[in-house]
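**Student:** Sharing a structure with you now.
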Amino acid sequence: MWLILAFLSALLLGFYDVAKKQALRGNSVPAVLLLNTLFSSLIFLPSIVSALCGGGWFDGTPYQIPLGTAHDHLLVAAKAAIVLSSWAFGYYGIKNLPITIVGPINATRPVMVLLGAFIIFGERLNLLQWTGVALAVVSLFMLSRAGRREGIDFTHNVWIVCVAAAALLGAASGLYDRYLMQHLQPLFVQGWYNLYQLIIMIVAMSAIRAFGRSRGTAFHWSWAIPMISVLLTAADMVYFIALSDADALISVVSMIRRGSVVVSFTCGALLFRERNLRAKAVDMVLIIIGMVFLYFGSR
């Protein structure tokens, strides 16, 4: 079951990236990020209020969120800081780069997670899984080379650095998620970390308004903004449930979730009319084949 959930999470993440790209076109990154955390928090706010008031409105339902201990909240607050930092870097990157370039860079996260899973959790992969990982890694390096044809210098482009930083922080979050899911309820983590992200963003926006300059990209409303929150919340919910399975391998789940690049690539071609698609399409086939090997190697 955890494999099916991982693939569903990947599909939702692909559409999440597309909504994010659309929402950020000519838009203010901090404002979109603040609204994203706000809408995500509102989804879980009734359950959190119920836990704080001791009302038990959702007791016995899948929507129940426990109050938790102070230590539990410190763990979740740390996750909120890591994820929000990753988002901030990633939002700036995807706003200023083609989504068909950002997707493959993000897809390197499973390689980082794989190394961490070896060191921290002692996970081991079989031959089919290793084949899937190898195919995915090769395809990602080939896709990154396509950026040079679009005039993107990977060694001197600040937006590439932002996306790479987002990927590194995302990998750290993935490893941390595995630890959290062994100790905390999935909905508790998701609900409270969204609220803590909102608090952090409110503080950050207040600081920007108080000490920053007024220059910057103006904000305009887009219905893609609330879709970011809806799609991400659904993707994370499925992801946390998958990780809560005792048999789940974080290295495999993380790699499958990066299959979202297939969705974002397709939408980049159809909706955003991005270039060099023929060369990139060959590499996308390798990613798909790699996902198939991972699936059958994990059954």
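**Student:** Is one or more of the residues making up region 6-25 over 15 Å from the mean Cα position of the chain (by Cα), assigned to a loop (DSSP other than H, G, I, E, B) and buried (at least 16 other Cβ atoms within 10 Å of the Cβ)? Working first, answer last.
**Tutor:** Applying the first criterion (over 15 Å from the mean Cα position of the chain (by Cα)) to region 6-25 yields 22-25.
Filter once more, so that each one left must be assigned to a loop (DSSP other than H, G, I, E, B): 24-25.
Cutting the leftovers down to buried (at least 16 other Cβ atoms within 10 Å of the Cβ) gives us 24.
The answer is yes, given that some residue of region 6-25 is over 15 Å from the mean Cα position of the chain (by Cα), assigned to a loop (DSSP other than H, G, I, E, B) and buried (at least 16 other Cβ atoms within 10 Å of the Cβ).
**Student:** Is region 175-183 home to any residue that is open to solvent by 30 Å² or more (accessible area, probe 1.4 Å), in contact with an Asp or Glu (Cβ under 9 Å, 6 or more places away or on another chain) and modelled with pLDDT of 85 or more?
**Tutor:** yes
**Student:** Within region 72-79, is there a residue that is open to solvent by less than 50 Å² (accessible area, probe 1.4 Å), in contact (Cβ under 8 Å) with a residue 12 or more places away in the chain and part of a loop (DSSP other than H, G, I, E, B)?
**Tutor:** Going residue by residue through region 72-79, those that are open to solvent by less than 50 Å² (accessible area, probe 1.4 Å) are 72-73, 75-79.
Narrowing the set further to residues that are in contact (Cβ under 8 Å) with a residue 12 or more places away in the chain leaves 72-73, 75-79.
Narrowing the set further to residues that are part of a loop (DSSP other than H, G, I, E, B) leaves none.
No, the conditions are met nowhere in region 72-79.
**Student:** Could I ask something else about it? Among the residues of region 48-67, is there at least one that is in a helix (DSSP H, G or I) and surrounded by 18 or more Cβ atoms within 10 Å (Cβ to Cβ)? Working first, answer last.
**Tutor:** Kept after step one, since they are in a helix (DSSP H, G or I), are these residues of region 48-67: 48-53.
In the following step, the residues that additionally are surrounded by 18 or more Cβ atoms within 10 Å (Cβ to Cβ) were identified as 50-51.
Yes: region 48-67 contains one or more residues that are in a helix (DSSP H, G or I) and surrounded by 18 or more Cβ atoms within 10 Å (Cβ to Cβ).
**Student:** Look at region 146-164 and say how many of its residues are open to solvent by 30 Å² or more (accessible area, probe 1.4 Å), at pLDDT 70 or above and part of a helix (DSSP H, G or I).
**Tutor:** Total meeting the criteria: 4.
**Student:** Only one of I288, I228, I250 is of a type in the set (A, V, I, L, M, F, W, C) and at pLDDT 80 or above. Can you tell me which? Let's see the steps before the verdict.
**Tutor:** Details: I288 fails: at pLDDT 80 or above; I250 fails: at pLDDT 80 or above.
Of the residues listed, the single one that is of a type in the set (A, V, I, L, M, F, W, C) and at pLDDT 80 or above is I228.
The values are calculated or read from the model by the stated rules, or taken from the named source; none is laboratory data. Because the structure is a prediction, the values reported are computed rather than measured. Neighbour counts are summed over all protein chains in view; Cβ atoms, including those assigned to glycine, are modelled from backbone coordinates with ideal geometry. Just the protein is used for accessible areas: all its heavy atoms, side chains included, with ligands, DNA and RNA removed. Shrake-Rupley method; radii C 1.70, N 1.55, O 1.52, S 1.80 Å.
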